[in-house]
Amino acid sequence: MKIQRSVALVTGSNRGLEKAIVSALLEAGAAKVYAAARDPGSVVCKDPRVVPLALDTRRPEQIAAAAIAAADITLLVNNAGVASSAGILTTSQSALENDFRTNVYGTLAVVKGFLPVLERARGGAAVVNVLSLTSLGSFPALGGYSASKAAAYSITQSLRAELKAKRIEVIAALPGPIDTDMVKDLPMPKTSPADVAKALLAGVERGEEEIFPDPVAVQMGALWNTSPKEYERAFASF
Ligand SMILES: NC(=O)c1ccc[n+]([C@@H]2O[C@H](COP(=O)([O-])OP(=O)(O)OC[C@H]3O[C@@H](n4cnc5c(N)ncnc54)[C@H](OP(=O)(O)O)[C@@H]3O)[C@@H](O)[C@H]2O)c1
């Protein structure tokens, strides 16, 4: 799908990767970007094409209102995410549930809420779910988060099959570590949000179903393609 002249909505647009995706969309010529955030007042971009929108992806009434307010979108970018849980044996049930509520159920609820809008889009539409390399193999230090991102990947595959006939592309973005608040305490090389955002949109334009938008992701994606078992072992050894 072409970004030029598209109308996009990005969830969680106030900071981190989402903020960079909004900027990259504007640079690539999007006609309008709904910058959705729990606190729309925290969206700082002043470009006239940006429309701040209140959207907590865990609140059904806000999803319904957003689907009315942003009834012209052709591209939905599901970015809002949390990493509350850690190791699968030590993490609390509430932290695990928190990750699933946002990363899995919230993402699915937003897609379902916007389906009538996306179905109406002339010329087709696209959904990008921002997942993680941990969708494809568990990173045990973040085992709970990995489980939620794996579930979100499975949902992405189901949606892709179900929405194909409606000309809605469903894309999985699978980044490695990005330099945002989410992993600020993890000592590892990270890619800048701006670079990830640009690579992500380039993958959307190329029509890729799985986008590996940074150098670590490209390397790990190649390993996953050749040997999912080696991929699992590589993550387990971190
Ligand atoms: N950082 C990484 O290394 C990395 C790697 C792979 C994938 N990812 C994925 O990339 C996405 C963006 O993460 P990030 O690194 O930018 O994290 P971040 O800096 O922690 O930002 C998370 C964003 O999600 C929003 N959010 C959380 N829960 C929400 C909800 N219920 N409704 C609406 N917005 C909500 C936050 O809004 P508030 O400001 O209101 O909290 C914030 O804007 C996530 O899906 C994450 O899993 C990140």
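The values are calculated or read from the model by the stated rules, or taken from the named source; none is laboratory data. Computed from a predicted model, the values in this text were never measured in an experiment. A quick note on method: Cβ atoms are made from the backbone with ideal geometry, for glycine too, and the neighbour counts reach across all protein chains shown. Heads up: the accessible areas ignore ligands, DNA and RNA and are worked out on the full protein's heavy atoms, side chains in. Shrake-Rupley method; radii C 1.70, N 1.55, O 1.52, S 1.80 Å.
Mind listing just one residue for me: the one in the stretch 152-166 that is open to solvent by 30 Å² or more (accessible area, probe 1.4 Å) and of a type in the set (A, V, I, L, M, F, W, C) and, of those, nearest to the ligand (Cβ to nearest atom)?
Quick first cut of the stretch 152-166, residues open to solvent by 30 Å² or more (accessible area, probe 1.4 Å) only: 154-155, 157-158, 160-162, 164-166.
Filter once more, so that each one left must be of a type in the set (A, V, I, L, M, F, W, C): 155, 161, 165.
Working: Ile155: 13, Ala161: 22, Ala165: 28 Å.
Among those that are open to solvent by 30 Å² or more (accessible area, probe 1.4 Å) and of a type in the set (A, V, I, L, M, F, W, C), it is Ile155.
Looking only at the stretch 29-52, which residues are away from the ligand (no atom under 14 Å from the Cβ) and either assigned to a strand (DSSP E or B) or among the small types (Gly, Ala, Ser) (or both)?
Filtering the stretch 29-52 for residues away from the ligand (no atom under 14 Å from the Cβ) gives 29-33, 46-51.
Residues satisfying the conditions are Gly29, Ala30, Ala31, Lys32, Val33, Val50, Val51.
With respect to Arg38, determine if the residue is open to solvent by 10 Å² or more (accessible area, probe 1.4 Å), of a type in the set (D, E, K, R) and over 27 Å from Tyr145 (Cβ atoms). Explain how you work it out, then say what you get.
Numbers: open to solvent by 10 Å² or more (accessible area, probe 1.4 Å): yes; of a type in the set (D, E, K, R): yes; over 27 Å from Tyr145 (Cβ atoms): no.
Considered against the rule, which asks whether it is open to solvent by 10 Å² or more (accessible area, probe 1.4 Å), of a type in the set (D, E, K, R) and over 27 Å from Tyr145 (Cβ atoms), Arg38 comes out as no.
Looking at (1) within 11 Å of the ligand (Cβ to nearest atom); (2) among the polar types (S, T, N, Q); (3) open to solvent by 10 Å² or more (accessible area, probe 1.4 Å), which one does Ser138 not meet, given that it meets all the others?
(1)
Please verify whether Pro116 is out of contact with any strand residue (DSSP E or B) (no Cβ under 6 Å at 6 or more places or on another chain) and open to solvent by 50 Å² or more (accessible area, probe 1.4 Å), treating the condition exactly as stated.
Numbers: out of contact with any strand residue (DSSP E or B) (no Cβ under 6 Å at 6 or more places or on another chain): yes; open to solvent by 50 Å² or more (accessible area, probe 1.4 Å): yes.
Against the criterion (out of contact with any strand residue (DSSP E or B) (no Cβ under 6 Å at 6 or more places or on another chain) and open to solvent by 50 Å² or more (accessible area, probe 1.4 Å)), Pro116 qualifies.
Could you please let me know if Pro193 is within 8 Å of the ligand (Cβ to nearest atom) and out of contact with any Pro (no Cβ under 8 Å at 6 or more places or on another chain)?
Details: within 8 Å of the ligand (Cβ to nearest atom): yes; out of contact with any Pro (no Cβ under 8 Å at 6 or more places or on another chain): yes.
Against the criterion (within 8 Å of the ligand (Cβ to nearest atom) and out of contact with any Pro (no Cβ under 8 Å at 6 or more places or on another chain)), Pro193 qualifies.
How many residues, within the stretch 120-130, are touching a Ser or Thr at 6+ places or on another chain (Cβ under 8 Å) and open to solvent by 10 Å² or more (accessible area, probe 1.4 Å)?
Total satisfying the criteria: 3.
Among (1) on the phi < 0 side of the Ramachandran plot; (2) in contact with a strand residue (DSSP E or B) (Cβ under 9 Å, 6 or more places away or on another chain), which single condition is Ala222 missing?
Going through (1) on the phi < 0 side of the Ramachandran plot; (2) in contact with a strand residue (DSSP E or B) (Cβ under 9 Å, 6 or more places away or on another chain) one by one, Ala222 breaks only (2).
Anything in the stretch 50-90 that is farther than 26 Å from Asp181 by Cβ and either in contact with a strand residue (DSSP E or B) (Cβ under 8 Å, 6 or more places away or on another chain) or surrounded by 17 or more Cβ atoms within 10 Å (Cβ to Cβ) (or both)? List them, or say none. First the steps, then the outcome.
Initially, the stretch 50-90 is screened for residues farther than 26 Å from Asp181 by Cβ, giving 60-61, 64-65, 67-69, 71-74.
Result: Ala65, Ala67, Ala69, Asp72, Ile73, Thr74.
Please determine whether any residue of the stretch 6-18 is in a strand (DSSP E or B) and within 15 Å of the ligand (Cβ to nearest atom).
Pass one, the stretch 6-18, residues in a strand (DSSP E or B): 7-10.
Okay, now just the ones that are also within 15 Å of the ligand (Cβ to nearest atom), so 9-10.
The answer is yes, given that some residue of the stretch 6-18 is in a strand (DSSP E or B) and within 15 Å of the ligand (Cβ to nearest atom).
Mind checking whether some residue in the stretch 174-181 is within 11 Å of the ligand (Cβ to nearest atom) and polar (S, T, N, Q)? Break it down stepwise before answering.
Restricting attention to the stretch 174-181, the residues satisfying the condition of being within 11 Å of the ligand (Cβ to nearest atom) are 174-181.
Remaining after also requiring polar (S, T, N, Q): 180.
Scanning the stretch 174-181, I find at least one residue that is within 11 Å of the ligand (Cβ to nearest atom) and polar (S, T, N, Q), so the answer is yes.
Every residue in the stretch 10-41 that is acidic (Asp, Glu) and farther than 16 Å from Thr107 by Cβ, please.
Selection gives Glu27, Asp39.
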